[in-house]
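See structure below.
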Amino acid sequence: MAPAIPILMAAALGVAALFAAEPALAGSSTDNAAPFNINRNMTFRVTYPRFLRFRVGATGATINQITFSPTVAQIGNGTPVAGTGGEAGGGSAANIEVVGNNGQVTITPTNNSAGLGLGTGTVADGYINYDQVQTTSSNAQLPAPVLSNAGGTAVQPTLNTVLVTQRTAVWTYSYLNATIPSAGTYGAGPGTGGRVTYTATMP
């Protein structure tokens with residue numbers, strides 16, 4: 001929605017005494033004596049709302065799911081594994097945007113794993129710690145939070161001006177593959193701790 005721009009016009013009445021019989025006309029006057037010279041004023045005011053916009057991955061209500069599928073040859077060898085499902089290039093990357101105009105923005109990650117990490121839904125299978133999911137950012141002015149079972153570290157995008165933030169980046173996810181978990185699909189459904197929520201806040 002475009003900001004409302006009310007226009008206020010101020011009338012100068014320097015010659016009102018000469019034309020007392022004429023109706024008062026806001027924003028207009030008449031000069032009938034040489035040298036002819038009339039000044040009129042116009043005042044502009046812009047009322048702009050405070051707002052915060054934040055995007056992680058696809059726009060709208062779509063929630064992207066990044067899937068890591070290491071092969072048998074890769075499991076546990078410490079070589080990071082790329083994923084699929086991100087909307088930035090179709091791999092394990094997501095477009096990020098944060099725009100706000102009322103001070104420092106803070107981005108905080110949380111997850112629904114109750115501090116346990118990614119599970120299969122069966123306790124005996126164990127868990128994969130969230131510190132095995134690494135996030136890198138294409139823009140140092142919009143850093144990516146480091147994930148952990150407890151949620152992760154909050155980050156603050158660099159302000160463009162004293163109160164305005166307008167930053168974009170691509171966050172790329174990889175599975176660090178430093179452990180060998182039990183066979184299974186981790187974080188795939190209810191009770192498996194696979195949902196990370198990024199929350200952007202602004203004063």
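Can you tell me which residue among VAL146, VAL99, VAL123, VAL72 is more than 21 Å from SER174 (Cβ to Cβ), of a type in the set (Val, Ile, Thr) and open to solvent by 50 Å² or more (accessible area, probe 1.4 Å)? Lay out the reasoning, then the answer.
On the way: VAL146 fails: more than 21 Å from SER174 (Cβ to Cβ); VAL99 fails: open to solvent by 50 Å² or more (accessible area, probe 1.4 Å); VAL72 fails: more than 21 Å from SER174 (Cβ to Cβ).
Unique residue meeting the criteria: VAL123.
Quickly run through the range 164-180 and pick out the residues that are farther than 16 Å from ALA82 by Cα and open to solvent by less than 40 Å² (accessible area, probe 1.4 Å).
The answer is THR165, ARG167, ALA169.
Residue under question is GLY152, and the condition is that it be touching a helix residue (DSSP H, G or I) at 6+ places or on another chain (Cβ under 9 Å), at positive phi and either of a type in the set (A, V, I, L, M, F, W, C) or open to solvent by 40 Å² or more (accessible area, probe 1.4 Å) (or both); does it hold? I'd like the intermediate steps shown before the answer.
Numbers: touching a helix residue (DSSP H, G or I) at 6+ places or on another chain (Cβ under 9 Å): yes; at positive phi: yes; either of a type in the set (A, V, I, L, M, F, W, C) or open to solvent by 40 Å² or more (accessible area, probe 1.4 Å) (or both): no.
Answer is no for this residue.
Kindly evaluate ALA183 against the criterion of being of a type outside the set (Lys, Arg), loosely packed, with under 13 Cβ neighbours inside 10 Å and within 25 Å of PRO80 (Cβ to Cβ). Steps first, answer last, please.
Numbers: of a type outside the set (Lys, Arg): yes; loosely packed, with under 13 Cβ neighbours inside 10 Å: yes; within 25 Å of PRO80 (Cβ to Cβ): yes.
It is true that ALA183 is of a type outside the set (Lys, Arg), loosely packed, with under 13 Cβ neighbours inside 10 Å and within 25 Å of PRO80 (Cβ to Cβ).
So, in the range 143-165, how many residues would count as being closer than 12 Å to TYR198 by Cβ, of a type in the set (A, V, I, L, M, F, W, C) and part of a loop (DSSP other than H, G, I, E, B)?
2
Going through GLN104, GLN134 one at a time, which residue ends up being farther than 22 Å from ILE63 by Cβ, open to solvent by 30 Å² or more (accessible area, probe 1.4 Å) and either at pLDDT 95 or above or among the aromatic types (Phe, Trp, Tyr) (or both)?
GLN104
Taking only pairs six or more apart or across chains, which ones have beta-carbon atoms under 6 Å, a first residue in the range 31-60 that is touching a residue at least 60 places away in the same chain (Cβ under 8 Å), and a second residue that is open to solvent by less than 70 Å² (accessible area, probe 1.4 Å) and hydroxyl-bearing (Ser, Thr, Tyr)?
Listed pairs, sorted by first residue: VAL56/TYR198.
Pick from the range 36-69 the residues that are basic (Lys, Arg) and open to solvent by less than 80 Å² (accessible area, probe 1.4 Å): which of them is nearest to ALA178 (Cα to Cα)?
At the first step, the residues of the range 36-69 found to be basic (Lys, Arg) are 40, 45, 50, 53, 55.
Now restrict to residues that are open to solvent by less than 80 Å² (accessible area, probe 1.4 Å): 40, 55.
Numbers: ARG40: 74, ARG55: 30 Å.
Of everything passing the filter in the range 36-69, ARG55 is nearest to ALA178 (Cα to Cα).
Filter the range 139-167 down to the residues that are in contact with a Leu (Cβ under 7 Å, 6 or more places away or on another chain) and not basic (Lys, Arg) and list them by number. Before the answer, list the steps.
The initial filter retains those residues of the range 139-167 that are in contact with a Leu (Cβ under 7 Å, 6 or more places away or on another chain), namely 149, 157, 165, 167.
Passing the criteria: ASN149, PRO157, THR165.
The values are calculated or read from the model by the stated rules, or taken from the named source; none is laboratory data. In this text the structure is predicted, and so the values were computed from the model without any measurement. FYI the Cβ positions are ideal-geometry reconstructions off the backbone, even for glycines, and counts take in every protein chain you see. Each accessible area value is taken on the protein alone, full model and side chains, heavy atoms only, with ligands, DNA and RNA left out. Shrake-Rupley method; radii C 1.70, N 1.55, O 1.52, S 1.80 Å.
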